[in-house]
Structure formats: structure tokens, C-alpha cells
Amino acid sequence: RNVSINQSINQTNTPKMSTTSQKSPLLFLIVGRNEPLYEVEFDATTNPAPSDSVTRQNYFVLHSALDLVDLESWTNPGMYLKVVDNVNHQMVSVFLTASHVKFMLLHSGKNEDMVRNYFTEVYELYVKLSMNPFYKFDTAITSKLFDTRVRAVGRRYLS
Amino acid sequence: MSRAGAGSVLDRPLGRVRGTETQVSLSAFAYLYSELVQYHQSRVASISELERRLESSGYGVGFKVLELLAYRSRESKRETRIMSILQFISSSVWKSLFGKAADSLERSIDHADEFMIIDYEPLTSTFLSVPSDLGQFSADAYISGIIAGVLEGAGFTARVTA
């Protein structure tokens, strides 16, 4: 059910994150039952694309938090799970919808209120998307309009 | 997909706005549903296959209903207990789909993990008559598909029969 992570990945290449940019890039993922359905990266810096190891590590951190999310999802009856994991000064916040679709955000933990508002807006967009009778639950989200809207919301709340 | 953004699914309001609630006529639903049943009936060879198809038609509806109702209730809470999700189904889901709450929710005496949601006049079979050669067929498989979808969505695997 969960993505199985190869635990032998070494964490020695970590500290590069804090030196490259002032605001670390934010990664937003919508995860269904077995796999990510949608992803977008909010990069607040004007630097050229972050190095490969940084991007891969972002995904790794988010996916490794999935187990924690599953644990929380049965003990916490709320939707907004706040910070689920804390790795290298980066925090993973999760919003869980009624049908266990996980909105995961990797961020630097500066403004929690904005994160919460961001999740609420994306939640509304997601529910509207799922009202489309041609959108099958737990499939990849390919709608360009959805993508545009999420990016606009992200720009408004996260940078 | 969108004509200059007008009328796109992502633009329309999601909550119930008084005065703009769309009402679907009962006869429209009855006709549409009977067409659905006939469509599947012409493509299957057995009753159980027909019931299975109706169930899978309702399955997708279940997920969407779950998300929509959870959003509309504005509570930011998910159901994590069996009894609460069953009560949610027999009241909220029934009200939004059929206009009234289910007649009752009972726990079976024989099996500890079996529950019954009782509705005396289910919408799907009120206007259908089952000929004798189809025997045990129940057109409410569609509703059981919806319930199964809601339960599956909330994370409870279940087997639902009408």
C-alpha cells in the first residue's frame, strides 16, 4: 500500500539545501492510494534549477512521511494534520481529505497560517475537480486548468 | 476544455446557494436509471454480472459523494470509526441523494461485523418491476455500489449487498 523506500539511501548530502537559496523550494504533492496524482514545485528563488540531489531528496522526504501520515490518519479525526515530519529544517505538512487523498507540502515552516489557507483553497479545487463525472477517483490529475489554479493559489499564499 | 473559463467545473460554487439549488425531476432520474439498467442488461449473460455492473456504476458516485458532503459540512473532520461512518451514510448521504434519511441502521445479531441500512422505498427499484425469470435480481445494486464507494473512500473495506 505505501511506497516502499530503499532505506539505504545515505543522508550525507543533506546540508547543501540551506546554502543554495534563501527560501528553500516548496514541493506540493497530491498522493492517492498508491501513487502521486499531482505535483508542483514552488521555487521562490531566482536561482537556476536546483541540483538533482536536492529535488530527489525532496521527493524522498515527502514519501517517507507517508507512513507517519497513515498512522495519524486513524488517530486524528481532523483533516489538517499540521506538521507530520521534520527533516533538516524542512517540514512536511499534510492535509487529508475525507477519502484519504493526501495533500502534502514540503516547506520551511515559516508561516503556518498561510499553509493552512493554501490547503483549504486547494481542497476546494480538488473537490470541484472530483465532481467532474469523467474524473475517476485515484487517477492522475491532468487538467491544465487545475494546474493553473493551483499554481496561482501557491503564488498567492506561499511566496 | 473551458470556453474562456466560463462554466468550467472549477469555477462554479460548491456550497449550496439558496435559490440556485438544482432540482432534478424524479421522472428524469427514473428514465435515466431504467436506461442504465437496460443498457447493462443487453450486455450481460447473468444476473450476478448485471448486479456487479450496477454496483460498479455506483462505486464512483460513492467517492464523489463522500468528498462533496465532507466539504459542504465545513467541519474539517473525517470519520475514523465504523459506527460514525455508517451513521454518516444513513443520514447525510441518504438525505443528499434521496431527500430523506434512511429508515434505520441496525447491527446484525448473527454476525458482529454485519450492519443493515434499511430503506423501505429505495428510489432505484420503486419504478422497476422484475420479471420472474430474473428471480433474485435487485436493482438496488446501484445503491449498494454507492455505499461501497463511500466506505472504500473512507478507508473501510466492505462488502455491500442490497
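Table for the structure above
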item	result
Subset of the range B:45-89 [among the polar types (S, T, N, Q), out of contact with any Phe, Trp or Tyr (no Cβ under 8 Å at 6 or more places or on another chain) and outside any helix (DSSP H, G or I)]	B:Ser46, B:Ser73
Selected residue (criterion: surrounded by the fewest Cβ atoms within 10 Å (Cβ to Cβ)) from residues of the range A:134-154 that are free of Cβ contacts under 8 Å to residues at least 12 places away in the same chain and facing chain B (nearest Cβ under 8 Å)	A:Lys144
Unique residue being within 8 Å of chain B (Cβ to nearest Cβ) and under 13 Å from the mean Cα position of the chain (by Cα) when the list is A:Leu96, A:Leu106, A:Leu125, A:Leu129	A:Leu96
Total residues in the range B:89-114, condition surrounded by fewer than 18 Cβ atoms within 10 Å (Cβ to Cβ) and closer than 16 Å to B:Gly62 by Cβ	5
Residue selected from the range A:59-75 under the condition more than 14 Å from A:Gln90 (Cα to Cα) and of a type in the set (Val, Ile, Thr), by the criterion farthest from the other protein chains (Cβ to nearest Cβ)	A:Val69
Which numbered condition B:Glu152 fails, given (1) in contact (Cβ under 8 Å) with a residue 60 or more places away in the chain; (2) within 28 Å of A:Val101 (Cα to Cα); (3) open to solvent by less than 40 Å² (accessible area, probe 1.4 Å)	(3)
Close pairs from the range B:33-54: first within 17 Å of B:Thr161 (Cα to Cα), partner open to solvent by 30 Å² or more (accessible area, probe 1.4 Å) and in a helix (DSSP H, G or I), Cβ under 8 Å, at least 6 apart	B:Ile47/B:Leu134; B:Leu50/B:Gln41; B:Leu54/B:Leu36; B:Leu54/B:Tyr142
Candidates A:Leu66, A:Leu29, A:Leu37, filtered to the one that is under 18 Å from A:Met104 (Cβ atoms), open to solvent by less than 50 Å² (accessible area, probe 1.4 Å), at pLDDT 50 or above and in contact with a helix residue (DSSP H, G or I) (Cβ under 7 Å, 6 or more places away or on another chain)	A:Leu29
Considering residues of the range B:56-88 that are under 14 Å from the mean Cα position of the chain (by Cα) and open to solvent by 60 Å² or more (accessible area, probe 1.4 Å) only, the residue nearest to the other protein chains (Cβ to nearest Cβ)	B:Tyr59
Qualifying residue in the range A:81-90 (condition: modelled with pLDDT under 65 and farther than 22 Å from A:Glu124 by Cα)	no
Residue that is away from chain A (no Cβ under 14 Å) and within 30 Å of A:Thr97 (Cα to Cα), where the choices are B:Ala112, B:Ala139	B:Ala112
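The values are calculated or read from the model by the stated rules, or taken from the named source; none is laboratory data. Because the structure is a prediction, the values reported are computed rather than measured. Here the Cβ is made from the backbone with ideal geometry for all residues, glycine too, and neighbour counts use every protein chain on show. All accessible areas refer to the heavy atoms of the entire protein, side chains included, with ligands and DNA or RNA removed. Shrake-Rupley method; radii C 1.70, N 1.55, O 1.52, S 1.80 Å.
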